[in-house]
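*Asks:* Got a structure for you, questions after.
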Amino acid sequence: AGKAASADKGAMNMEILRDKIKADKKLVVAHNMKLTDAEGKAFWPLYDAYQKDLGAINSRLMKAITDYADAYNKGPVSNEAAKKLLAEALAIEDAELKLKRSYIPKLEKAVPATKVALYMQIENKIRALVRFELAANIPLVE
């Protein structure tokens, strides 16, 4: 029961974190980007589209975490399950990198390259915070 309660608490904490990040993220980006009106008109639709696509990756990540929690709560994680979970984790990382690569040329048409780099830095810092929270709440494979 201890493992299940810990996994449930971790999932609840991640929901809270995800909601908070979603609410605060646009404000953080707006504050740091200092976009002109013209840049903003071109940037914000791309930002919204990127967030929607990133949301699909986040859903995939949450499913992988849930799948891991299910495997973990059943006892020692089998080699087969570990291999499958690891493959999915790497595929999610690949999908996120592919998403970034697909948006950078679009963003460069909307704002100067320095602001594209700044935006990616902000995204990376926020993703790092999420990954830190995930790492803190997900127990190691036994």
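The values are calculated or read from the model by the stated rules, or taken from the named source; none is laboratory data. These numbers were taken from a predicted model, which means no experiment stands behind them. All Cβ positions, even for glycine, are placed from backbone atoms using ideal geometry, and neighbour counts span all protein chains on display. To get the accessible areas, we keep the full protein, side chains included, count just its heavy atoms, and leave off ligands, DNA and RNA. Shrake-Rupley method; radii C 1.70, N 1.55, O 1.52, S 1.80 Å.
*Asks:* Could you please let me know if M33 is open to solvent by less than 40 Å² (accessible area, probe 1.4 Å) and within 16 Å of K115 (Cα to Cα)?
*Replies:* yes
*Asks:* I would also like to ask the following. Could you list, in sequence order, all residues of region 113-133 that are without any contact (Cβ under 8 Å) to a residue 60 or more places away in the chain and either open to solvent by 100 Å² or more (accessible area, probe 1.4 Å) or closer than 12 Å to A42 by Cβ (or both)?
*Replies:* Scanning region 113-133 gives T114, V116, Q121, K125, R131, F132.
*Asks:* Still on this structure, please answer the following. Among the residues of region 76-93, is there at least one that is on the phi < 0 side of the Ramachandran plot, open to solvent by 40 Å² or more (accessible area, probe 1.4 Å), touching a helix residue (DSSP H, G or I) at 6+ places or on another chain (Cβ under 7 Å) and not hydrophobic (A, V, I, L, M, F, W, C)?
*Replies:* yes
*Asks:* Continuing with this model, one more query. Exactly one condition in (1) within 15 Å of M120 (Cβ to Cβ); (2) of a type in the set (S, T, Y); (3) open to solvent by 40 Å² or more (accessible area, probe 1.4 Å) is false for Y103; which is it?
*Replies:* Of the numbered conditions (1) within 15 Å of M120 (Cβ to Cβ); (2) of a type in the set (S, T, Y); (3) open to solvent by 40 Å² or more (accessible area, probe 1.4 Å), the odd one out for Y103 is (3).
*Asks:* Among the residues of region 71-86, write down those that are assigned to a helix (DSSP H, G or I) and within 15 Å of I138 (Cβ to Cβ).
*Replies:* A71, Y72, N73, A81, A82, L85, L86
*Asks:* Of the residues N79, N137, N58, which is out of contact with any strand residue (DSSP E or B) (no Cβ under 8 Å at 6 or more places or on another chain), over 26 Å from A30 (Cα atoms) and touching a residue at least 40 places away in the same chain (Cβ under 8 Å)?
*Replies:* Just a single option satisfies the conditions, and that option is N137.
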